[in-house]
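This report concerns only the one structure given below.
The values are calculated or read from the model by the stated rules, or taken from the named source; none is laboratory data. These figures come from a predicted structure and were not determined experimentally. Glycine also receives a Cβ, built like all others from the backbone with ideal geometry; neighbour counts cover every protein chain displayed.
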């Protein structure tokens, strides 16, 4: 049958519609299930974008909005749309008007991918969060986890990225290629992303803030003449916990590091550079005596440096 041949061809080649925006080129194909709509996609893939859009427009006019196939028609029309705005409008209509259809999760994933392709990482994160809330059993959840993690990494939201990757790996099943991508992306995760929510206090805590210069011999002599030595009870007391900090980024570019340090210092904080995994440097601001004071400073630091700063304890 001709339709079977067309469907097989599309499945083998994939969908790369003519005249689609650059942002969509990074998306994995999600194909329509109806042969007539597969024909529309085939036309677009072979370079007949105008013809594909004309055909799907006629199908859309003939199909009642109450027909179960209508969301799939909308999805196909959005897939072969001429502009990014038209794509976004079509996928958004499915998410808003047909949230329980079989194409709503696919449309929401497409919107997240479009945001990522356009550099709108916050939009990707918001849509992937909604995906996990509204479609927790979707077969596309691992793909959503990967795209959401990429955006979260770009926004330095390490804990969120690692959580999505963990859930994506658990749900990926037998898709070896996607699983490999998820596992590879998770290599960026460390034990520190959860510090804001469940900080681990190290055994050896220092009384002085890390990075503070050690007193010289002369300074010690001067201090000894100005103040009496500590009593036995104060000397044996347990040292206070290390100060808290706000981590603003983990990057490798020395130029960017220098600019961030300058912004932190200009905002009135001490800038710390802490070695991180895979050659990254964690940029932190502080010090803060308590976690609450560090959290209270988050808006001010974000306004000065940008990104999505988190609370972390000094090493």
Residue by residue through the range 116-127, note down the ones that are buried (at least 22 other Cβ atoms within 10 Å of the Cβ) and within 13 Å of residue 95 (Cβ to Cβ).
-> 127
Tell me which residues, restricted to the range 264-275, are assigned to a helix (DSSP H, G or I) and crowded, with 18+ Cβ neighbours inside 10 Å.
-> 264
Can you name the residue in the range 278-315 that is touching a helix residue (DSSP H, G or I) at 6+ places or on another chain (Cβ under 7 Å) and free of Cβ contacts under 8 Å to residues at least 40 places away in the same chain and is also farthest from residue 261 (Cα to Cα) among such residues?
-> 281
Among the residues of the range 100-159, how many are assigned to a helix (DSSP H, G or I) and in contact (Cβ under 8 Å) with a residue 40 or more places away in the chain?
-> 11
Quick check: anything in the range 134-146 within 20 Å of residue 280 (Cβ to Cβ) and buried (at least 19 other Cβ atoms within 10 Å of the Cβ)?
-> no
Among residues of the range 292-310, those that are buried (at least 16 other Cβ atoms within 10 Å of the Cβ) and either outside the structural domain of residue 261 (by TED's automatic domain parsing) or closer than 11 Å to residue 243 by Cα (or both), counted | 1
Counting only residues that are closer than 10 Å to residue 301 by Cβ and assigned to a strand (DSSP E or B), which one in the range 246-263 is nearest to the chain's Cα centre (by Cα)?
-> 248
Filtered residues of the range 294-315 (kept if outside any strand (DSSP E or B) and touching a strand residue (DSSP E or B) at 6+ places or on another chain (Cβ under 7 Å)) | 294, 295, 297, 298, 301, 305, 307, 309, 314, 315
